[in-house]
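Inspection log for the structure reproduced underneath, given as C-alpha cells.
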Amino acid sequence: MDTLDLRLLRAQFVGEAYTLRGVDPRRSILGLARKVGASRVTVGRRLTRWEVDGFWNGLLTYPNPDALGARWQVQPLFLENGRIRKRFESAIQGILEPFLTFQIGDLYGSLTMEEDPKETARRQLAFRKASGSHVVAPVLDVPFPGSGLRLAPRDWKILRALRRSLDPDWTRVAQEVGMTLRGLERRVDRLMSSNALFFQPLLDFRRLPVSVAWVGLLYGPRADPQQVWAAVERLHPDAFRVDPPVPVDVFLPPEGRPPTGGAVTFFVTVTSGSSGDQVRQNFEEIPGVVHVIVGYPTRNATVARGLDARIARAAEG
C-alpha cells in the first residue's frame with residue numbers, strides 16, 4: 001500500500017497536522033523529500049500528479065480572524081439522505097455563507113469567520129427550519145492561535161494580491177504591491193511567523209490513487225489522549241492528525257452515548273475497497289477507546305463571500 005501521498009501531505013502542513021494554520025508554500029521539493037524519505041524526483045513527480053489528477057487545487061490565502069475582529073466557528077452537519085445532496089449544499093451556501101466547507105462522506109463541517117453572536121443564532125435558526133432530514137449539531141468555536149502583529153495597509157495589499165490566484169506567483173505579487181521579491185519574502189516570513197497569514201490547500205481526496213479514511217476515536221474519561229495517539233502511530237505510521245480534533249461525539253445519539261473524555265481524529269491510508277467496519281476493527285482494541293467512527297473524505301471547497309471586500313477596504317486604509 002503506497003503511503004507516500006499522506007506522508008507528503010502531512011509534511012507540508014505547519015506542525016505536520018491537518019489544521020487551519022494550513023501549509024507553508026515556500027517549502028522546497030528537496031526539503032519535502034528529506035522529510036518523507038523519498039528522492040527529489042519522486043516527490044516532484046507526485047506533486048505534479050496531484051495537480052494533474054485534481055487532488056491539489058491550489059492554495060487559499062487568508063488572514064488571522066483576529067485582524068477582522070472575528071473568530072472561527074464550525075457548523076457540523078450530517079446529511080442522512082444522499083438524494084437531496086444538491087439542495088443541502090445550496091442551503092449551506094445560502095444560509096451559512098461559509099469560508100470553507102469540509103466534507104467527509106455525509107458529514108459536513110462548514111467554517112465561518114464569525115463576528116456577531118446574533119448572526120450565529122440567526123444562522124442556527126435558519127438551518128433548523130430548512131434542515132428536513134438533516135442533523136444540525138451545535139455550533140463549535142475553533143481554538144486558533146492569536147496574532148500580536150497589527151496588519152498595515154501594505155500587508156492587506158499583499159493578502160489581496162495573493163488571493164487573486166490559487167497558485168501564488170511571488171514575482172507578480174511583488175510587482176503589484178511595489179516591493180522587491182526579497183522584501184516580499186521577508187514580509188511574508190514575518191506575517192506567517194506571527195500567525196497573521198495562512199495558506200489552506202483546496203483538496204479533493206476522491207482524486208487520489210489510494211484510499212484515505214478519516215477516523216474519529218472517542219476515548220474514555222480516564223484515558224490518556226497521548227497514549228491513544230501513540231497507539232495509532234504504531235498501527236499506522238502515516239497517520240495524519242487533525243488538530244483540533246473534530247468533536248465526533250455530537251454525531252452519536254444521546255441515548256446510550258458512552259461517557260467520553262475527548263476524541264482523536266486523523267486521516268489514514270487504507271486498502272482500496274475497505275469497508276468502514278474493516279477500518280474500524282483496526283482501532284477498536286486500542287486501550288481507552290470507547291467508540292470508533294469512520295468516514296471517507298471527499299473535498300473542501302471555498303465560498304468566501306464578503307471576505308475579499310473586507311480585505312480590499314483594509315488595503316485602502
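Do we have Ile286 as within 29 Å of Leu60 (Cβ to Cβ) and at pLDDT 75 or above here?
Considered against the rule, which asks whether it is within 29 Å of Leu60 (Cβ to Cβ) and at pLDDT 75 or above, Ile286 comes out as no.
Looking at region 158-179, which of the residues that are free of Cβ contacts under 8 Å to residues at least 40 places away in the same chain and part of a loop (DSSP other than H, G, I, E, B) is farthest from Asn195 (Cα to Cα)?
Initially, region 158-179 is screened for residues free of Cβ contacts under 8 Å to residues at least 40 places away in the same chain, giving 158, 161, 164, 169-179.
Restricting the remaining residues to those that are part of a loop (DSSP other than H, G, I, E, B) gives 164, 169, 178-179.
Details: Arg164: 21, Asp169: 21, Gly178: 23, Met179: 21 Å.
My answer is Gly178.
Spot the failing condition for Pro138; the list is (1) surrounded by fewer than 18 Cβ atoms within 10 Å (Cβ to Cβ); (2) assigned to a helix (DSSP H, G or I); (3) touching a residue at least 40 places away in the same chain (Cβ under 8 Å), and only one is missed.
(2)
So, Thr3, is that one in contact with a Ser or Thr (Cβ under 7 Å, 6 or more places away or on another chain) and not acidic (Asp, Glu) or not?
Numbers: in contact with a Ser or Thr (Cβ under 7 Å, 6 or more places away or on another chain): yes; not acidic (Asp, Glu): yes.
Considered against the rule, which asks whether it is in contact with a Ser or Thr (Cβ under 7 Å, 6 or more places away or on another chain) and not acidic (Asp, Glu), Thr3 comes out as yes.
Within region 269-279, which residues are under 16 Å from Leu235 (Cβ atoms) and in contact (Cβ under 8 Å) with a residue 24 or more places away in the chain?
Thr269, Val270, Thr271, Ser274, Val279
Please go through region 218-236 and give me each residue that is of a type outside the set (A, V, I, L, M), surrounded by fewer than 16 Cβ atoms within 10 Å (Cβ to Cβ) and touching a residue at least 24 places away in the same chain (Cβ under 8 Å), ordered by number.
Of everything in region 218-236, those that are of a type outside the set (A, V, I, L, M), surrounded by fewer than 16 Cβ atoms within 10 Å (Cβ to Cβ) and touching a residue at least 24 places away in the same chain (Cβ under 8 Å) turn out to be Pro221, Arg222, Asp224, Pro225, Gln227.
For Leu159, are the conditions met, namely being more than 22 Å from Val264 (Cα to Cα), buried (at least 21 other Cβ atoms within 10 Å of the Cβ), in contact with a strand residue (DSSP E or B) (Cβ under 7 Å, 6 or more places away or on another chain) and not basic (Lys, Arg)?
In short, yes.
If you go through region 39-65 one residue at a time, how many are farther than 19 Å from Pro168 by Cα, surrounded by fewer than 16 Cβ atoms within 10 Å (Cβ to Cβ) and in contact with a helix residue (DSSP H, G or I) (Cβ under 8 Å, 6 or more places away or on another chain)?
Within region 39-65, residues that are farther than 19 Å from Pro168 by Cα, surrounded by fewer than 16 Cβ atoms within 10 Å (Cβ to Cβ) and in contact with a helix residue (DSSP H, G or I) (Cβ under 8 Å, 6 or more places away or on another chain) number 4.
Would you confirm, using the coordinates I've provided, whether Gly262 is on the phi > 0 side of the Ramachandran plot, modelled with pLDDT of 90 or more, in contact with a helix residue (DSSP H, G or I) (Cβ under 7 Å, 6 or more places away or on another chain) and not polar (S, T, N, Q)?
Answer is no for this residue.
Counting only residues that are farther than 30 Å from Gln281 by Cβ and touching a strand residue (DSSP E or B) at 6+ places or on another chain (Cβ under 9 Å), how many does region 191-229 have? Walk me through how you get there before you give the answer.
Here is the first cut: in region 191-229, the residues farther than 30 Å from Gln281 by Cβ are 191-202.
Going one step further and asking which of them are touching a strand residue (DSSP E or B) at 6+ places or on another chain (Cβ under 9 Å), we end up with 191-192, 196-202.
Total satisfying the criteria: 9.
The conditions are (1) more than 30 Å from Leu77 (Cβ to Cβ); (2) part of a loop (DSSP other than H, G, I, E, B), and Asp155 fails exactly one of them. Which is it?
(2)
The values are calculated or read from the model by the stated rules, or taken from the named source; none is laboratory data. Predicted, not measured: the structure shown is a model, and the values here were computed from it. Please note: Cβ atoms are built from the backbone with ideal geometry, for glycine as well, and neighbour counts cover all protein chains shown.
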